[in-house]
Amino acid sequence: MLGGEFTQVNGQRQAGLVRFQGSPESPDSGLAPPATAPTPTPSTGSTTTPTSPVTSVPNRVSKPGVAVLGPTAIAVKWSAPKAAAADNVTGYVVKAYKGSKVVKTVAVNATKRLATISGLKRSTTYRIGVAAKNAQGTGKISSFVSAKTKARGRNVSATKHPGKVNRPSTAVAMTRVRARRSTASSSGAVGVSGYQIRLMLHGKVVKTVTVSSRTRTTVVAGLHRRTTYQVSVRAENWAGWGSWSSARSARTR
């Protein structure tokens, strides 16, 4: 605090004793400095990165696979186009052409990779293609694959796997096992396209051999002598693999 006799204070005439209060920031003032506003702390919460806008239609879908289900239906399956996530694919369009004319169109959402085209004509060849779409529109249609509907019979399921194969018969040699399979049932499903023969030892798979549907007997070589293996078989069709058969023991010589 300051004091004294001054004749002018703040531009005005003054008579008598004048006292001046010290600055609040002065260490001699005895007063606490004004509170300082806290420094903002950067947020540690997660932030959402803005999604890049979709600026083009999706890439072209690769050539699809098809299966004739009967006289009036064809099943189609495909893979997502490259960079599908960046393209924000929202769905797919499956088209069946007769000549150059579109006769059937099936639309599915982005989670689907399989569609069935129904209501087709018997004993007729169609060209099938698939295209992906997003908010910008529909991409180029895939390469076409041809399929001819059957002349008679009933349509089967596109998603039903083959039936369970019976336990195989076996014959053995020193380092080989010969397995002979029976035929899996394909009632109500697309026909069997192949088989697998599996050998297990102490609960672990040691050999798996894949053969065509025409192969009835398979020789598995490169085994250990005087060792007991468990041999089983399963069948495959367009929808996927069926269940493994019951195992048969086979001991090499």
**Prompt:** Taking only pairs six or more apart or across chains, which ones have beta-carbon atoms under 8 Å, a first residue in segment 203-215 that is more than 16 Å from residue 180 (Cα to Cα), and a second residue that is surrounded by 13 or more Cβ atoms within 10 Å (Cβ to Cβ)?
**Reply:** 205/198; 205/199; 206/199; 206/200; 206/223; 206/229
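Kindly provide the set of residues from segment 91-117 that are exposed (fewer than 14 other Cβ atoms within 10 Å of the Cβ), modelled with pLDDT of 95 or more and hydroxyl-bearing (Ser, Thr, Tyr), ordered by number.
Here is the first cut: in segment 91-117, the residues exposed (fewer than 14 other Cβ atoms within 10 Å of the Cβ) are 99-102, 105, 107, 109, 111.
Those left that are additionally modelled with pLDDT of 95 or more: 101-102, 105, 107, 109.
Answer for segment 91-117, where residues must be exposed (fewer than 14 other Cβ atoms within 10 Å of the Cβ), modelled with pLDDT of 95 or more and hydroxyl-bearing (Ser, Thr, Tyr): just 105.
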**Residue in segment 123-136 that is without any contact (Cβ under 8 Å) to a residue 60 or more places away in the chain, of a type outside the set (Gly, Ala, Ser) and out of contact with any strand residue (DSSP E or B) (no Cβ under 6 Å at 6 or more places or on another chain) present** = yes
**Message:** Take residue 93 and tell me if it is touching a residue at least 40 places away in the same chain (Cβ under 8 Å), part of a strand (DSSP E or B) and farther than 10 Å from residue 128 by Cα.
**Reply:** yes
**Fill in**
Residue set 219, 211, 205, 231; condition of a type in the set (Val, Ile, Thr), crowded, with 20+ Cβ neighbours inside 10 Å and either touching a strand residue (DSSP E or B) at 6+ places or on another chain (Cβ under 7 Å) or at pLDDT 95 or above (or both); output residue 231
**Message:** With the requirement that a residue be among the β-branched types (Val, Ile, Thr) and either part of a loop (DSSP other than H, G, I, E, B) or assigned by TED's automatic domain parsing to the domain that holds residue 240 (or both), what does segment 108-133 give you?
**Reply:** 111, 124
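For the structure I just gave you, tell me whether residue 123 is surrounded by fewer than 18 Cβ atoms within 10 Å (Cβ to Cβ) and closer than 30 Å to residue 253 by Cα.
Here the answer is no, as residue 123 does not meet what is asked.
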**Fill in**
Residue hits (segment 155-202; under 27 Å from the mean Cα position of the chain (by Cα), in the same structural domain as residue 236 (by TED's automatic domain parsing) and either modelled with pLDDT under 95 or of a type in the set (Ser, Thr, Tyr) (or both)) are 193, 195
**Prompt:** Does segment 180-201 include one or more residues that are more than 30 Å from residue 75 (Cα to Cα) and of a type in the set (Gly, Ala, Ser)?
**Reply:** no
**Fill in**
When restricted to 86, 80, the only residue hydrophobic (A, V, I, L, M, F, W, C), modelled with pLDDT under 95 and in a loop (DSSP other than H, G, I, E, B) is 80
**Prompt:** Residues of segment 51-77 being assigned to a strand (DSSP E or B) and either among the aliphatic types (A, V, I, L, M) or at pLDDT below 90 (or both), which ones?
**Reply:** 66, 67, 68, 74, 75, 76
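The values are calculated or read from the model by the stated rules, or taken from the named source; none is laboratory data. Just so it is clear, the model here is predicted, and its values are computed rather than measured. Methodologically, a virtual Cβ is constructed for each residue, glycine included, from the backbone with ideal geometry; neighbour enumeration extends over all protein chains shown.
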